[in-house]
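The values are calculated or read from the model by the stated rules, or taken from the named source; none is laboratory data. Keep in mind the model is a prediction, meaning the values are calculated, not measured. Glycine gets a Cβ as well: all are built from the backbone with ideal geometry, and neighbour counts include every protein chain shown.
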């Protein structure tokens, strides 16, 4: 009987969370279309709205021709990875693709606040800030930005890849679905 009890308890154990919720951030509503090609531009000059020093080939191919409609006010959650994890594991821990998905206009808003690498919600220590965004073909991708050498690096990867994000990286998602 004790062995059956132990087996039942083993099945009931909950898988430990892989992310630690840190806080939320309000993204204001927009009134116009967000044209990715006009905002995500390599420019590290002192007049740059956002210093971007690198755009990865996948990002350019999957996103530069995209346009996003205006958005209503949004609340994004940000969390820190507690252990090494794949995108699919992270997305599941966030509550699925609908809750994980954000827009490039929301990502850009956060980058603009820290446009010159200032301290803020986004990590500026070289670690990745990971966002899950649909590309021009409506495929969910992992878009990650990190501050490196005087500018933001913007890179995109498939969420199907088995690459692993190291602990300490930051992940952004919807606080609620509107």
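Quick notes
- Of all positions in region 10-19, at least one carries a residue that is within 20 Å of residue 120 (Cα to Cα) and either touching a strand residue (DSSP E or B) at 6+ places or on another chain (Cβ under 7 Å) or modelled with pLDDT of 95 or more (or both).
- Subset of region 136-165 (residues that are surrounded by fewer than 20 Cβ atoms within 10 Å (Cβ to Cβ) and within 14 Å of the chain's Cα centre (by Cα)): 140, 153, 155, 157, 158, 159
- Every residue from region 20-35 that is in contact with a strand residue (DSSP E or B) (Cβ under 7 Å, 6 or more places away or on another chain) and within 26 Å of residue 95 (Cβ to Cβ): 20, 21, 22, 23, 24, 25, 26, 27, 34
- The set of residues from region 54-76 being under 22 Å from residue 135 (Cβ atoms) and in a strand (DSSP E or B) comprises 54, 55, 67, 68, 74, 76.
- Of residues in region 25-40 being loosely packed, with under 15 Cβ neighbours inside 10 Å and in contact (Cβ under 8 Å) with a residue 40 or more places away in the chain, the one nearest to residue 172 (Cα to Cα): 26
- The set of residues in region 91-110 that are at pLDDT 95 or above and not in a helix (DSSP H, G or I) comprises 96, 101, 102, 103.
- Yes/no for residue 56 being surrounded by fewer than 21 Cβ atoms within 10 Å (Cβ to Cβ) and at positive phi: no
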